[in-house]
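Read through the structure below, which is laid out as structure tokens, and then see the notes.
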Amino acid sequence: MKYIDAHLHINYGGFRKEQIDNYLKDPELEFCLLHTWQELRPSIPSLYQPLPLEDILDIKSQYPDRLVPFFAPDPTDPNWQQLMESALARGVKGCGELKVNLKWSDHALDDYLDFLNKKGLPLLIHMELPRRQFFIEKSYTWDKVLDKWFNNYKNGVTRYYTELLIRSTAVLEPWLDGHLVDFAGYLYDFEGLEQRVKEFPKIKFIGHGPHFWNNLGAQLSPKHTYQQGTYHTFGLIDKLLSTYSNFFCDISGYSGWIALNRNHTQTKIFLSRHADKVFYGTDNVFLGQREFIKSLSLGSEIESKIFYKNIVSLIF
């Protein structure tokens, strides 16, 4: 079955021109949406990797019918509108990936969203909670072990109990506090998001990211960076997808993969219920997502919507 990758980056996660060349050799892959990342004031600079529009347009010139550019200037950039107008004139089809340390209620988004609404553009968003990030100069092997122990996405439970132990004994507390840096989060307030979805009905909001997919289920545990384990009640994203015709999601990244694998029965219900609202994507993370979706036996009509038809409707 043909498919479209709705969430891809160039020069990110080891995925460069050569990898895109090879990816596009798949005869079933129709085209990909390529997204930028611009953040002028990252709260932790080492976590930020600029992904400029020029890199996308360069490779698009080689694959004009296979790559669709998206662009999301930082809303705090005083020249964002000029940049966006120029990008649209150069063939950009949507805004993404918007991944900035703002809340949805921030007034910096007012004119930005109004512009997108008037243009009727899709908007891919990344949602991630604030936290205190463990930071250490990775000069030695032990430093790298500690960084992985505290920060690896799989080690939420490990960090939770390690920090609990340190706080309870107070022996290493000054050491720990000396290595914790405040991370401001990205567009994480669901209440503010819902207000914006209602306020700007011509924007097609596309949800994505750890905090977004953590809310697939209603129960949230502070132990997990990425929520784990089964659940029986759907959370906030089910409500948003059910309520608002201009709200969508993509299943890309570790966050989408982990969420959909928590409870396959619930995943099948979720994808069937929102078959017109879900986009296939990878975010440069290839874990067998296509094979997983097919293994759920959703039926060819639902599969074709997730893999292809929904994205075509979004862009064209």
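Per residue, how big is the convex hull around the C-alpha atoms of the stretch 99-158? Give it to me in cubic angstrom, could you?
Details: hull volume 7.9 nm³, N = 60.
Residue-normalised Cα hull volume stands at 131 Å³.
What ratio of Cα Rg to 2.2 N^0.38 Å holds for the stretch 165-249?
Normalised Cα radius of gyration, the stretch 165-249: 1.45.
With charges set only on the Cβ (+1 for Lys and Arg, -1 for Asp and Glu), what does the dipole of the stretch 1-153 come to about its Cα centre, in debye to the nearest 20?
For the stretch 1-153, the charge dipole is close to 260 debye.
Along each of its three principal axes, how wide is the spread of alpha-carbon positions in the stretch 133-181, in whole angstrom units, largest first?
Cα extents, longest axis first: 28, 22, 18 Å.
Rule-of-thumb check for the chain: C-alpha Rg over 2.2 N^0.38 Å?
Rounded to two decimals, the normalised Rg is 1.01.
Could you list the trypsin sites (Lys or Arg not before Pro) in the stretch 198-245 that lie in coil according to DSSP, counting only those with at most 16 other Cβ atoms within 10 Å of their Cβ? Spell out each step's value before the answer.
On the way: sites: 198, 202, 204, 223, 239; in loops: 202, 223.
In loop regions of the stretch 198-245 (DSSP not H, G, I, E or B), the sparsely surrounded trypsin sites (Lys or Arg not before Pro) are 202, 223.
Can you tell me which aspartates and glutamates have their Cα less than 16 Å from the Cα of residue 119? Leave out same-chain residues fewer than eight positions away.
Reachable aspartates and glutamates: 85, 110, 111, 199.
So how strong a dipole does the stretch 133-181 carry about its Cα centre when Lys and Arg Cβ are +1 and Asp and Glu Cβ are -1, to the nearest 20 debye? Before the final figure, lay out each step's value.
Working: 6 positive and 6 negative charges, 49 e Å.
With only Lys, Arg, Asp and Glu charged at Cβ, the dipole is about 240 debye.
With charges only on Cβ, +1 for K and R and -1 for D and E, what is the dipole size of the chain about its Cα centre, in debye, rounded to 20?
Roughly 780 debye for the chain.
In Å, what is the Rg of the alpha-carbon atoms in the stretch 192-316, and how long is Dmax?
Rg and Dmax of the stretch 192-316, Cα atoms, are 13.9, 42 Å.
Listing 7, 264 from the residue with the fewest other Cβ atoms within 10 Å to the one with the most, what is the order?
So the residues, fewest neighbours to most, are 264, 7.
Rounded, prolate or oblate: which fits the stretch 58-145, taking a ≥ b ≥ c as square roots of the Cα gyration tensor eigenvalues, rounded meaning a/c under 1.5, else prolate when a/b beats b/c? Please list the in-between numbers first.
Values: a/c = 2.81, a/b = 1.47, b/c = 1.91.
Verdict is oblate for the stretch 58-145.
Taking 4 °C and 1.567 mPa s as the conditions, I'd like the Stokes-Einstein D for the stretch 1-43 in µm²/s, using the Kirkwood hydrodynamic radius from alpha carbon pairs.
It comes out at roughly 110 µm²/s.
Roughly what % of DSSP beta bridges within the chain run antiparallel, to the nearest 5?
30 percent
In the stretch 133-181, if the dipole is taken from +1 on Lys/Arg beta carbons and -1 on Asp/Glu beta carbons about the Cα centre, which of 136, 181, 150 is farthest to the positive end?
Positive-most Cα among the choices belongs to 150.
In whole angstrom, note down how far apart the Cα centers of the stretch 255-314 and the stretch 30-66 are.
24 Å
Across the stretch 5-77, how large is the tail of the calculated P(r) beyond 15 Å, expressed as a percent of all Cα pairs?
On the way: 1445 of 2628 pairs.
When all Cα pairs of the stretch 5-77 are counted, 55 percent exceed 15 Å.
Each reported figure results from applying straightforward, stated rules to the coordinates on display, with no laboratory input. Please read these numbers as outputs of a predicted model, since none were measured by experiment. Every residue, glycine among them, receives a Cβ derived from its backbone with ideal geometry; neighbour counts consider all protein chains shown.
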